[in-house]
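Just below is one structure, and these are the notes that go with it.
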Amino acid sequence: MMFRDRAEAGQRLAAALQRFAADHPLILGLPRGGVVVGAEVAQALRCDWDVLLVKKLRAPGDPELALGAICEQGRAFINEEVRGLIPAPQEYMDHEIQERLAEIAEQRRVYREVKTYISPTNRVAILIDDGLATGATMIAAVQATALLKPRRLIVAVPVGPPDTLGKLEGMPQVDEVVCLDTPSWFQGVGQFYEDFRQVSDEEVVRILESAH
């Protein structure tokens, strides 16, 4: 399955999530690409939405490869399977965590000027990204959101590999995973988009302003 861009992916994903509309869910988009997808879903379902701040912990020499992720609350998820294949000394990991936390703090400062925080407590929370690869960022997002005790926690993405979807489905905090396409041959999320350009913080702010 190919998507023209993130907006179209969000529109297709919204159709698969329409059954949740009556629950008035809270859509939580993962920056930055997941915010674009999530905004389309929230508009289609006519529900609340917010941004969920998590960052990928990058492998040494390969910033696209995730060793894990860190969330706004400072909790880190480390993918020990990947780390076992990629040498990453603890000193490197400590530095990487601090850098990503600094980025989260800056995003929080910028984003919260235009969009107030919405708590997922006692809500049906739907976590959305533009796709899954290792799943590290989404796993961190699930762990962070579960601490706030939503009524139900749903993960929804346009595309992801079967093994990563299996990891998320196996998490006790996750009630359901919705994915439009689970190809067995998977190199990266970008291969399923005609337009997968980087999303800037400025674009995220514009989307948040339009929602407000």
(Q) When the residues of segment 156-191 are narrowed to those that are farther than 19 Å from Leu17 by Cα and touching a Phe, Trp or Tyr at 6+ places or on another chain (Cβ under 6 Å), which ends up surrounded by the most Cβ atoms within 10 Å (Cβ to Cβ)? (A) Pro161
(Q) Kindly evaluate Ala44 against the criterion of being assigned by TED's automatic domain parsing to the domain that holds Leu132, over 26 Å from Asp195 (Cβ atoms), hydrophobic (A, V, I, L, M, F, W, C) and surrounded by fewer than 23 Cβ atoms within 10 Å (Cβ to Cβ). (A) no
Q | Enumeration of residues in segment 112-122 that are among the β-branched types (Val, Ile, Thr) and at pLDDT below 90 | A | Thr116
Q: Quickly run through segment 136-151 and pick out the residues that are surrounded by fewer than 16 Cβ atoms within 10 Å (Cβ to Cβ) and either in contact with a helix residue (DSSP H, G or I) (Cβ under 9 Å, 6 or more places away or on another chain) or outside the structural domain of Leu30 (by TED's automatic domain parsing) (or both).
A: Arg151
Q) In segment 7-23, what residues are touching an Asp or Glu at 6+ places or on another chain (Cβ under 7 Å) and either under 18 Å from Pro120 (Cα atoms) or surrounded by 24 or more Cβ atoms within 10 Å (Cβ to Cβ) (or both)? A) Ala9, Gly10
Q: Could you check how many residues of segment 38-87 are outside any strand (DSSP E or B) and either within 16 Å of the chain's Cα centre (by Cα) or more than 30 Å from Gln11 (Cα to Cα) (or both)?
A: 22
Q: Take segment 56-84 and flag every residue that is under 17 Å from Thr164 (Cα atoms) and loosely packed, with under 15 Cβ neighbours inside 10 Å.
A: Glu64, Glu80, Glu81
Q: Given the conditions (1) modelled with pLDDT of 90 or more; (2) out of contact with any helix residue (DSSP H, G or I) (no Cβ under 8 Å at 6 or more places or on another chain), report the number of the one that Ala125 does not fulfil.
A: (2)
**Q.** Residues of segment 148-170 that turn out to be touching a strand residue (DSSP E or B) at 6+ places or on another chain (Cβ under 9 Å) and modelled with pLDDT under 95, as a count
**A.** 1
Q: Would you please list the contacts, defined by Cβ atoms under 6 Å and residues six or more apart or on different chains, that run from a residue in segment 48-74 that is in the same structural domain as Tyr92 (by TED's automatic domain parsing) to a residue that is part of a loop (DSSP other than H, G, I, E, B) and small (Gly, Ala, Ser)?
A: Pro60/Ala88; Leu67/Ala88
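The values are calculated or read from the model by the stated rules, or taken from the named source; none is laboratory data. Bear in mind the structure is a predicted one, so any value in this text is a computation, not a measurement. Every residue, glycine among them, receives a Cβ derived from its backbone with ideal geometry; neighbour counts consider all protein chains shown.
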